[in-house]
Amino acid sequence: MTQSQAPSPASASAPRKMNPWLKIGLEIGPLVLFFVANGRGGIYVATGVFMVATLVALCAMWVLARRIAVMPLVSALVVMVFGGLTLWLQDDHFIKLKPTMVNALFGVLLLGGLYFRKPLLPYVFDGMVKLTDEGWRKLTIRWGLFFLVMAVLNEIVWRTVSTDTWVTFKTFGYLPLTFAFAFAQAPLMSRYELKDGAGTD
């Protein structure tokens with residue numbers, strides 16, 4: 001192979017496209033293992049399994065795509081912190097607070113960025129969607145409020161039901177609600193989709 005044919009270091013490490021279903025599987029997998037481990041060994045075993053599975057999923061994302069999206073990375077960091085506190089102090093309140101903290105953080109960052117005229121949602125979508133400025137503004141407001149509502153909902157659930165019921169909600173309630181909300185945004189995204197060569201509002 002000649003020098004001109006050899007791949008450059010930049011191209012060799014460039015981000016790759018990941019199959020959307022595989023991406024979803026890597027994000028859901030740790031939650032499913034969390035649910036199974038809780039049923040077999042309790043919340044502390046489940047927390048340890050969840051932490052390990054989350055790290056494995058992140059490594060898989062990096063190997064397959066040569067990048068890690070912002071939301072899984074931030075969520076994983078919170079899992080490590082709150083999961084570690086749960087195991088260290090033997091207090092399951094910390095792992096139950098993790099969804100509250102993650103959702104509240106995303107909600108505040110999205111709405112705060114919009115307030116300071118620095119929309120962050122385009123970075124989350126990472127070029128997968130191109131919208132007009134007005135479209136991004138409306139979509140950011142919706143997602144920001146959704147995350148805050150989910151933070152409040154998690155607080156209500158974990159404080160009013162058993163640990164096993166909360167684990168079930170976290171696994172089989174949170175994700176369907178998120179997917180349903182994301183699907184409901186399709187009309188807005190279609191309405192404000194930025195066509196190639198078109199300018200923003």
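The values are calculated or read from the model by the stated rules, or taken from the named source; none is laboratory data. Nothing here was measured: the structure is a model prediction, and the numbers come from that model. Heads up, the Cβs are rebuilt from the backbone with ideal geometry, glycines too, and the neighbour counts pull from every protein chain shown. Surface areas here come from the heavy atoms of the whole protein model, side chains and all, with no ligands, DNA or RNA. Shrake-Rupley method; radii C 1.70, N 1.55, O 1.52, S 1.80 Å.
Values for this structure:
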| item | result |
| --- | --- |
| Solvent exposure of the stretch 88-201 as accessible area per residue, Å², 1.4 Å probe | 59 |
| Gain in span if fully extended, R159 to D133, counting 0.36 nm per residue against the direct Cα distance | 5.4 nm |
| Chain lengthening between L105 and F181 when straightened (0.36 nm per residue, less Cα-Cα) | 25.5 nm |
| On Cα atoms only, tilt of 70-89 relative to the major axis of the chain in degrees | 20 |
| For the chain, the longest site-free run once trypsin sites (Lys or Arg not before Pro) in DSSP loop states with at most 16 other Cβ atoms within 10 Å are removed | 118-194 |
| Förster radius 41 Å - calculated FRET efficiency between K118 and V36, Cβ distance, rounded to 0.05 | 0.50 |
| Helix-only mean residue ellipticity at 222 nm for the chain, each DSSP H run of n ≥ 4 adding -39500 (n - 2.57), per residue, nearest 500 | -25000 deg cm²/dmol |
| Stokes-Einstein translational diffusion, the chain - Kirkwood Rh over all Cα pairs, 0.692 mPa s, 37 °C, in µm²/s | 175 |
| 32 Å Cα-Cα threshold exceeded, pairs from K23/K98; K23/K138; K96/K195; K98/K195 | K96/K195; K98/K195 |
| Cut-off under 5 Å, modelled amide H: who pairs with L131 long-range | L194 |
| Choice from L177, L111, L26 showing the highest fluctuation, given a GNM over the chain with Cα pairs closer than 10 Å | L177 |
| Using alpha-carbon coordinates, inclination of helix 174-184 to the longest axis of the chain, degrees | 30 |
| Inter-site label distance for L145 and F125 at 7 Å from Cα along Cβ, in nm | 1.8 |
| 0 to 90° range, to nearest 10: angle between helix 163-172 axis and the chain longest Cα axis | 20 |
| Residues of the stretch 83-116 with amide N under 18 Å of a point placed 7 Å along Cα→Cβ from V152 | 99-112 |
